[in-house]
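Notes to accompany the following structure.
The values are calculated or read from the model by the stated rules, or taken from the named source; none is laboratory data. The structure presented is a predicted model; accordingly, all values stated were derived computationally and were not measured. All Cβ positions, even for glycine, are placed from backbone atoms using ideal geometry, and neighbour counts span all protein chains on display. We work out accessible area using only protein heavy atoms, side chains counted, and drop any ligands, DNA or RNA first. Shrake-Rupley method; radii C 1.70, N 1.55, O 1.52, S 1.80 Å.
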Amino acid sequence: MFIKTLGTLLKDPKFRSLLYLAVITLSVGTFFYHRVEGWRWLDSFYFSVITLATVGYGDLAPKTDIGKIFTVLYIFTGLGILLGFVNPIGEYIIDKRFKVIEKNKIEGKKSENKFDFFGYLGKFRGKK
C-alpha cells in the first residue's frame, strides 16, 4: 500500500520536489557526519534519519563542536522538510480510507476496517 501510494504521489510535481529535498537533506547530513564525525556511512545515514524523525535513540551523538552546531541547524531546517514530505503520504492514505468507508456506507456494506471503530471514522470525513 505504501509503495502504491508513493507511485501515485510521485505524479505530483510538488510531492516530487519534496522527495528530492528530503533526499538532499538526508544526503547532506549523511555526508557531513561521515566527514566531520568520522562515522561509517551507514551510521551517518542512520543518525541523520533518527535525528530528523525526532527519535533520537542516543546511541550516537556528535563529539565535535562543529558537529553539535550543525546538528542544531540540521534539526531546525531538516525537520520541516521531512515533515513536509511525510504529511502528504499520510493525508493520501487517510483520504483513500475515508473514500472506501463512504462508498461502503452508500452501498450499505459494513466496514471491514478494524480501525473504523463502529463506523466513527466515516463521521469525521466532513471535519477536515
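When you go through Val55, Val72, Val36 one by one, which is the residue that is modelled with pLDDT of 95 or more and open to solvent by 60 Å² or more (accessible area, probe 1.4 Å)? Quick ask: steps written out before the conclusion?
Values: Val55 fails: modelled with pLDDT of 95 or more; Val36 fails: open to solvent by 60 Å² or more (accessible area, probe 1.4 Å).
Sole residue among the options that is modelled with pLDDT of 95 or more and open to solvent by 60 Å² or more (accessible area, probe 1.4 Å): Val72.
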Would the range 5-12 turn up any residue that is under 17 Å from Ile81 (Cα atoms), at pLDDT below 95 and of a type in the set (Lys, Arg)?
no
In the range 28-54, what count of residues is obtained for those that are more than 16 Å from the chain's Cα centre (by Cα) and either closer than 15 Å to Thr77 by Cβ or part of a helix (DSSP H, G or I) (or both)?
14
In the range 64-84, what residues are in a helix (DSSP H, G or I), under 19 Å from Gly38 (Cα atoms) and in contact with a helix residue (DSSP H, G or I) (Cβ under 7 Å, 6 or more places away or on another chain)?
Ile66, Gly67, Phe70, Thr71, Tyr74
